[in-house]
Amino acid sequence: MRMSCAVPSRLNILARDLLFVLCMNTVIAVSLNYGFQTGGTLVQNFVYSQLIGLSIWVLIDVPRVLIWWNDRPRRWPFMCLAVVAVPMGVVLGSWCTRELLNLPEKSAAATGDMLRMCLIVGMLASASMIYFYWSREKLAYLERQAALDALQREEAEKQLVRAQLMALQAQIEPHFLFNSLANLDGLIATDPRAARQLLQRLIGFLRMSLSHTRAEHCTLAQEFELLRSYLDIQGMRFGARLDYEVDLPPALADAEIPPMLIQPLVENAVTHGIEPCMRGGRIMLSARQAEDGSLQVLIADSGVGFSQSSKGGSGLGLTHVRERLARIFGAAATMQMEENTPRGVVVRLTLPLTRSNEPTFVPMRAAPDARPAAPATVTPAISRP
């Protein structure tokens, strides 16, 4: 949190207080001359008010700033300081006024009137300064408390998003892991080499998945690499029944998105689109920049679609995605689902396009384990608005 620009220097505090004291002294001088009618000319009342008020201010405000700086003064030490400073300021200001204006010695009655005027000036000046200090420090305290509350609310919202992400991950991983481990158990006896490849890809996927769950943001290249590993593992499970294509333009590789945002949608396409379809299908994962500058991520499958799905599912994955979009981006992000052509479902995510300041790093894939590179094109069914 940046505090260097928010806290004024001591000189700025003293200058601000001095301006307030000069204004209040002028108001008091006018009040003494036309309201209380304590005697003397307007010039004499003005000089009395300014010198007495400035004397009290010097004796109160300078020690206050040196002791408490810009913090709220403690009540009883500050009251003791004011009790000592007010009479000293009245005496000092009266003496300075008499010396400055070269006023002659006055009679006892005139001296009493002068002391009465000095007392009035001192009481008004001290009351105005004390009120000013306490109200200002109270306002500063409330502002700091409001900033602290806002920071705590922001941190609580971040913790809630992290908790939702962990809950979503806890729902996704068991089903996926159980199927992968069951497939691994079968491959160990029939095809050890394929079992080794599946185990290596599963380890890589879990390592990337763990780093994603601990981060608040990731690049689109990192998210697509994680999804490619996920589809690789599912491809070994489904065999020829699952084909996929990943299309990420280099210009969007450093786009920043929340981690694990797309995986529930890809998981949904595999579980509810491809798996119920006897002949399998194809999943197309792509990204593009819309005409308005926003980022669009599309997940299209050629599975059974909406009407023919044999597994309705709980819909928790889609609900979590919608809630995260609303909480993080508000109305700036949307998720749309529509029928694909000739069959299947298309999910379109629209997000604000922001660039990551960190360099994008995507692990290189070993040649023996790599699938054939897919053409960097988007199918007509997905590119259709």
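In the stretch 243-260, the residue that is modelled with the highest pLDDT out of those that are assigned to a loop (DSSP other than H, G, I, E, B) and surrounded by 20 or more Cβ atoms within 10 Å (Cβ to Cβ) is Leu248.
Answer yes or no as to whether Leu187 is open to solvent by less than 10 Å² (accessible area, probe 1.4 Å) and more than 16 Å from Val266 (Cα to Cα). Here the answer is no, as Leu187 does not meet what is asked.
Residue-level check: of (1) buried (at least 19 other Cβ atoms within 10 Å of the Cβ); (2) at pLDDT below 90; (3) more than 30 Å from Asp191 (Cβ to Cβ), His217 misses just (1).
Of everything in the stretch 266-297, what is in a helix (DSSP H, G or I) and surrounded by fewer than 16 Cβ atoms within 10 Å (Cβ to Cβ)? Give them in sequence order. Quick ask: steps written out before the conclusion?
Start the filter on the stretch 266-297 by keeping residues that are in a helix (DSSP H, G or I), which leaves 266-274.
Those that are in a helix (DSSP H, G or I) and surrounded by fewer than 16 Cβ atoms within 10 Å (Cβ to Cβ): none in the stretch 266-297.
Being closer than 23 Å to Pro192 by Cβ and within 32 Å of the chain's Cα centre (by Cα) is true of Leu206.
Note on the stretch 31-55: among residues that are of a type outside the set (Phe, Trp, Tyr) and surrounded by fewer than 14 Cβ atoms within 10 Å (Cβ to Cβ), the one that is modelled with the lowest pLDDT is Gln37. Of the set (1) more than 19 Å from Gly303 (Cβ to Cβ); (2) at pLDDT below 50; (3) of a type in the set (Lys, Arg); (4) within 38 Å of the chain's Cα centre (by Cα), all apply to Arg371 but (4).
The values are calculated or read from the model by the stated rules, or taken from the named source; none is laboratory data. Just so we're clear, the structure is a prediction, and the values are computed from it rather than from any experiment. Positions of Cβ are backbone-derived with ideal geometry, glycine not excepted, and every protein chain shown enters the neighbour counts. Just the protein is used for accessible areas: all its heavy atoms, side chains included, with ligands, DNA and RNA removed. Shrake-Rupley method; radii C 1.70, N 1.55, O 1.52, S 1.80 Å.
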